[in-house]
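Here the structure is laid out as structure tokens; the discussion comes afterwards.
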Amino acid sequence: MIKISLIIDSKETDITNDLKNWDDIELSFTRKDFGGIYRKFAKKFEFVKGAYDLLTDLYLSKYIESSAKIVIYRQINDLTYKEAYRCSLDFMSYSDDGHTLTLSAIDDDTYSIINSQKSQTFDIAVSDMPQVKMTYERMYLNNRVSWSVNPTDEQTETGVYPIEYFGNHEFPMVYNDVNFPIPGRLVQYDIGTYHEASESILPFVESLTNITVRLVLNFDITPLSAPDAVSPGLYLWLTDKDNVTISKENIAGLGFIGEKQEVRIDKDIELKQGYRLKLFIDAATLDTMKAEVSNVKDISVTYIDKGEPVTIDAIRASDLLTSLLKKIGLKDYTGEIKTGNIPIPYIMAAESIRGIKDAKIHTSFSKFTEFAKAVLGYDWEIDDVNRKVIFKPLGDFYDSVTDPLPLTEINSMTHTIDSSVVYSGVEVGYDKQEYDEINGRDEFHFTNSFSTGIKATDNVLKLISPYRADPYGIEFLVTERNEETKDTDSDNDVFIVDAIMSQGGVTPRTISIDQTYPITGVLFPDTMFNAAYSPRNMLMANKGYVGMSASGLMFTSSEGNADVSIKGISERGGISIEDSDRLLRSDKIKVSTIGLSPFPGNYKGRVSCSFSGKTYVGYVSDITERIGKGQTVDYELLLKNIT
């Protein structure tokens with residue numbers, strides 16, 4: 001037997017006889033995707049008599065702000081009833097035909113609140129959350145400037161540059177590609193002027209600090225005229241700030257008409273502060289001489305350097321989750337992130353990386369969920385007893401230790417394939433970012449694609465994190481720290497960082513301080529971080545889910561640097577999936593009973609049943625109970641194995 005009460009403004013009224021369809025109300029426990037299990041009422045409540053009057057009066061006075069609850073009690077003995085279920089009524093489903101008022105239940109109050117607000121984006125002030133100081137030691141970066149030959153006579157052929165010179169004449173060239181993400185090391189110049197005295201020749205590069213640069217000069221030069229009895233030449237000249245010669249080298253003789261000279265300079269040069277690199281032609285005459293420059297492959301100066309360390313306000317993932325719960329109305333709930341196989345990242349706002357005051361994290365519960373699923377292989381559940389929302393590895397939702405609960409008295413069973421979890425391919429990683437920096441081609445935290453080899457569907461699983469993990473993106477934002485008034489496309493982005501404790505705060509995990517994720521295939525492995533969150537590692541975190549239908553994955557393409565290897569394993573490598581790796585099978589069964597099987601409620605362990613000579617073992621996807629009649633009707637099980 002059951003008893004039903006209606007609560008309005010804290011006043012509880014027995015309406016057991018005022019619920020028209022009491023014996024037809026169905027209560028289900030349903031698994032959300034493949035994570036936690038939540039309660040829902042499958043049918044609407046039909047109120048008559050006194051309950052009808054109470055609820056219509058409430059609606060007329062408070063309209064859609066009306067609030068009421070239903071409480072269902074089970075009889076324990078002749079005198080005692082115990083509360084079994086409690087839920088709010090959804091006045092947005094209000095329907096009144098003059099005799100019967102119909103209302104839906106708001107299933108599971110906590111889940112309902114999250115579900116209704118999960119897509120709402122919030123700006124959460126970083127200062128409103130506990131902060132962890134992250135010391136970012138910076139990444140080594142390539143810095144480069146290049147020049148083009150500036151013809152001093154009419155150019156009639158593409159790729160061939162006619163030049164004229166006499167006396168002491170700077171080699172005519174103009175800089176056209178300057179990419180100094182770490183500025184303040186060099187100054188570059190256009191050159192090409194005649195000087196009466198060689199001491200007046202201007203440099204094409206001047207150092208502002210002590211630095212080692214790589215100089216590349218790769219072109220051909222052919223003299224079309226030459227003075228008699230003397231030999232002009234193209235010189236590379238290095239002087240100090242006082243114009244004292246450090247070195248002077250003739251790199252191409254120009255004394256033989258029509259004889260092509262190949263200039264092939266590729267070397268490191270150690271510059272001290274104030275040193276100047278000059279490139280000029282000593283014509284050995286004041287008569288105008290001519291030459292052609294061709295086959296220009298490269299004229300450039302590069303250097304490798306990194307910026308000064310900075311401190312960034314980082315947030316623990318659990319603290320961001322707690323703040324999101326408060327924003328959506330669960331003010332007394334906290335977020336918890338269980339430990340899994342991949343390190344739990346720290347979270348940073350793009351504005352924090354740029355050093356902007358009053359930085360905010362721009363996100364939603366849905367985006368947090370998408371990040372946790374894609375990067376960590378996590379899903380979530382609600383612990384109402386301890387007032388928590390818990391994210392944990394998908395496998396932790398399935399108890400494989402407890403003996404299966406047997407179902408009996410089965411009168412029918414349907415066995416089907418869940419085509420929604422059968423995939424022809426997987427796209428995994430992060431949205432591709434467009435950088436204006438030369439180093440960006442080294443980034444590997446973009447999208448990689450894999451094929452399962454399954455031909456029966458074109459369904460592609462997308463494991464794309466809305467939170468970014470690209471170290472170059474973080475580095476380039478740090479370089480904008482002195483540009484607070486400048487808006488960027490990244491200002492609302494959220495970043496994740498794998499960091500370890502260091503000197504009272506945290507610092508990104510690099511192989512120079514921790515060897516957990518050794519990496520090769522990048523320009524500067526010693527300062528690269530976030531190897532834990534590579535596309536392949538993301539795929540491995542979701543291997544059990546992908547394996548529900550696939551026996552392996554073959555790499556097909558990448559939007560970024562796919563030459564990376566982590567722990568000696570290539571990001572391009574295929575992945576084999578064994579039966580033991582599978583979280584579940586891709587099929588399920590629906591079992592109907594005559595109501596004598598035990599009802600397990602919010603059950604996370606295995607359930608078994610035998611039918612037509614086969615034994616099926618799986619986990620609850622959905623259980624439906626008729627409350628009034630006290631019997632279980634249907635079980636839907638996600639299958640683990642069949643024998």
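The values are calculated or read from the model by the stated rules, or taken from the named source; none is laboratory data. Since the model is a prediction, treat every value here as computed from it, not as a measurement. Neighbour counts run over all protein chains shown; Cβ positions are idealised from the backbone, glycine included. Side chains are part of the model used for accessible areas, which takes the heavy atoms of the whole protein and leaves out ligands, DNA and RNA. Shrake-Rupley method; radii C 1.70, N 1.55, O 1.52, S 1.80 Å.
Structure summary
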| item | result |
| --- | --- |
| For the chain: rounded, prolate or oblate by the Cα gyration tensor [a/c cutoff 1.5] | prolate |
| Share of carbon and sulfur in the accessible heavy-atom surface of the chain [1.4 Å probe, %] | 45 percent |
| Note, ³J(HN,Hα) from phi for region 82-87, Karplus 6.51, -1.76, 1.60, rounded to Hz, x at Gly and Pro | 10, 4, 10, 9, 9, 8 |
| Relative contact order [Cα under 8 Å, 6+ residues apart], region 458-532, whole percent | 28 percent |
| Relative contact order for the chain, counting Cα pairs under 8 Å that sit 6 or more residues apart, in percent | 14 percent |
| CD proxy at 222 nm, helix term only [per DSSP H run n ≥ 4: -39500 (n - 2.57); per residue of the chain; nearest 500] | -2500 deg cm²/dmol |
| For residue 36, distant residues with modelled amide H under 5 Å away | 380 |
| Computed label-point distance, nm, for sites residue 10 and residue 249 using a 7 Å Cα→Cβ extension | 8.9 nm |
| Among 380-389, 460-469, 62-71, the order from most to least packed when residues are scored by Cβ within 10 Å on average | 460-469, 380-389, 62-71 |
| Whole-Å distance, taken between Cα centres, linking region 17-89 and region 458-525 | 48 Å |
| Relative contact order of region 159-276, defined on C-alpha pairs under 8 angstrom at six or more residues apart (%) | 27 percent |
| Accessible area, probe 1.4 Å, largest first, for residues 413, 1 | 1, 413 |
| Share antiparallel - DSSP beta bridges, the chain, percent rounded to 5 | 90 percent |
| Whether region 435-541 is rounded, prolate or oblate, judged on the alpha carbon gyration tensor where a/c under 1.5 counts as rounded | oblate |
| Overall form of region 68-113 per C-alpha gyration tensor (a/c, 1.5; a/b vs b/c) | oblate |
| Under 5 Å, built H, 5+ apart or other chain: amide partners of residue 468 | 494, 495, 496 |
| Reachable lysines from residue 44, criterion Cα separation under 20 angstrom, eight or more residues apart if same chain | 3, 20, 69, 629 |
| Cross-link reach list, aspartates and glutamates versus residue 82, counting only Cα pairs under 16 Å and skipping chain neighbours closer than eight places | 12, 14 |
| Karplus (6.51, -1.76, 1.60) ³J(HN,Hα), θ = phi - 60°, over region 111-128, in Hz, Gly and Pro reported as x | 4, 4, 5, 4, 4, 6, 10, 5, 8, 6, 8, 10, 9, 9, 5, 4, 5, 7 |
| Vicinal HN-Hα couplings computed from phi for region 636-641 (Karplus, 6.51 cos²θ - 1.76 cosθ + 1.60; Hz; Gly/Pro x) | 10, 10, 7, 7, 9, 7 |
| Partners for residue 543 among aspartates and glutamates (Cα-Cα distance below 12 Å; same-chain residues under 8 apart left out) | 578, 579, 581 |
| Mean-position separation - Cα centroids, region 265-296 and region 130-202, in angstrom | 12 Å |
